[in-house]
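Here the structure is laid out as structure tokens; the discussion comes afterwards.
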There are 2 protein chains.
Amino acid sequence: MAEKGLGTNVICQIGLVVRDIERTAKIYADVFGMDVPNVIITDTEDVAHTKLRGAPTQARAKLAFFQMGNVSLELIEPIGEPSTWKEFLDEHGEGVHHIAFQIKGMDRALAYLDSKDIPVIQRGDYTGGRYAYVDGAPSLGVVLELLENV
Amino acid sequence: MAEKGLGTNVICQIGLVVRDIERTAKIYADVFGMDVPNVIITDTEDVAHTKLRGAPTQARAKLAFFQMGNVSLELIEPIGEPSTWKEFLDEHGEGVHHIAFQIKGMDRALAYLDSKDIPVIQRGDYTGGRYAYVDGAPSLGVVLELLENV
């Protein structure tokens, strides 16, 4: 199914929104016997071209990653708003915000999901790639993230 | 770390609580180009020995599984109450209820997590094994499930 549909069903990442990333990262490291990861901050809007529902946003996030088997657990602490991360935290509290997939062909994948009534929420760039969150919550019970390294 | 701590940091399953498992399973199958899985129902309390915070409960759940890479996505529709699944649905709506790990030595693992202020919420048996949910929500942002095949 590489040439049609989403092109993958391999979950590569679980994204967890938290209020205090340094605290939560330390607890994960302690409980699972792992190193405390570095905390990074997403790029500013002029670099990341961050858009929420089509409109540029200054919101950013602190991120930290734990490799847990074949899946990366991403901790996310929202900085500022509006963002899909902050909206999730306000609505649900801490918890799993998304499951992520590595895809090829972002525009085609987003058009495919839109045809399934799963529209894009937020998108942007990171060093080496681009991401998009799509609103799977009403139909799939969870937001999906598409990651494309370029 | 097989002999101490939790003994694993490999996420093997993501558990998603939904309101209508047949509907959600069909949408996942359609979006990701997979077969619609069979829906199974957890055993009754006399067989599964289901306990919520130490007290027997008659609550059950419908389950369906999608293999998505090295991770199994478990859809869960609560039937009756009280259960950790129904509590999550009432409090948060649909969403990711837990991340799961295959462990060896349930009692030792639960004692370890309890020593980290992560107490057991619900436990029970299934054909071929046993499970326990522990309350990672306050410290880890998400419930953990321990699975032990016996």
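The values are calculated or read from the model by the stated rules, or taken from the named source; none is laboratory data. From a predicted model like this one, the values you see are computed outputs, not experimental measurements. Ideal geometry is used to build each Cβ from the backbone, glycine not excepted, and the neighbour counts take in all protein chains shown. For the accessible areas, the whole protein counts, side chains as well, though only heavy atoms, and no ligand, DNA or RNA atoms are used. Shrake-Rupley method; radii C 1.70, N 1.55, O 1.52, S 1.80 Å.
Structure above, values below:
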read-out: Accessible-area value, A:MET106, 1.4 Å probe, nucleic acids and ligands omitted, Å²; value: 10
read-out: Fluctuation leader among B:ARG123, B:ARG60, B:ARG108 - chain B, Gaussian network, Cα springs under 10 angstrom; value: B:ARG108
read-out: Dimensionless Rg over Rh [region A:63-150; C-alpha; Kirkwood]; value: 0.95
read-out: Pairwise burial A:B, computed as accessible area of each alone minus the pair, summed, 1.4 Å, Å²; value: 3200
read-out: Mean-position separation - Cα centroids, region B:85-150 and region A:95-111, in angstrom; value: 28
read-out: A:SER72 long-range amide H proximity, modeled H, under 5 Å; value: A:GLN13, A:ILE14
read-out: For A:TYR126, residues with placed amide H under 5 Å, excluding near neighbours; value: A:TYR131
read-out: Accessible surface, per residue, of the protein assembly as shown when the full set of protein chains is kept, probe 1.4 Å, Å²; value: 44
read-out: Estimated translational D of region A:28-94 in µm²/s (Stokes, Kirkwood radius over Cα pairs; 37 °C; 0.692 mPa s); value: 247
read-out: Chain-alone versus full-assembly comparison, region B:45-78, residues with accessible loss of at least 50 Å² (1.4 Å probe); value: B:MET68
read-out: Label spacing, shortest first and in nm, from B:PRO119 to its equivalents in the remaining copies (7 angstrom along Cα→Cβ); value: 4.5
read-out: Solvent-accessible surface ranking, highest first, for A:GLU77, B:GLU87, A:GLU145 at 1.4 angstrom; value: B:GLU87, A:GLU77, A:GLU145
read-out: Compactness of the protein assembly as shown as Cα Rg over 2.2 N^0.38 Å, two decimals; value: 0.98
read-out: Ratio of Rg to Rh over region A:100-141 (Cα coordinates, Kirkwood Rh, two decimals); value: 0.96
read-out: Folded to 0 to 90 degrees: helix B:21-32 orientation relative to chain B principal axis, Cα; value: 80
read-out: Charge context of B:VAL36, other residues only, Cβ under 12 angstrom, K/R +1, D/E -1; value: -1
read-out: For A:ASP35, label point 7 Å along C-beta direction: distances to other copies, nm; value: 4.3
read-out: Heavy-atom accessible surface of chain B: percent carbon and sulfur, 1.4 Å; value: 50
read-out: Per-copy distances of the B:ARG23 label point, shortest first, in nm (7 angstrom along Cα→Cβ); value: 3.6
read-out: Whether region B:1-132 is rounded, prolate or oblate, judged on the alpha carbon gyration tensor where a/c under 1.5 counts as rounded; value: oblate
read-out: Positive minus negative residues near A:GLY136 (Lys, Arg vs Asp, Glu; Cβ under 11 Å); value: -3
read-out: Virtual spin-label span in nm between A:ARG108 and A:GLU81, 7 Å along Cα→Cβ; value: 3.8
read-out: Karplus-derived 3J(HN,Hα), 6.51/-1.76/1.60, for each residue of region A:63-75, Hz, glycine and proline x; value: 10, 9, 10, 10, 7, 10, x, 8, 10, 9, 8, 9, 8
read-out: Fully extended contour minus Cα-Cα distance, from A:GLN13 to A:TYR126, at 0.36 nm per residue; value: 39.1 nm
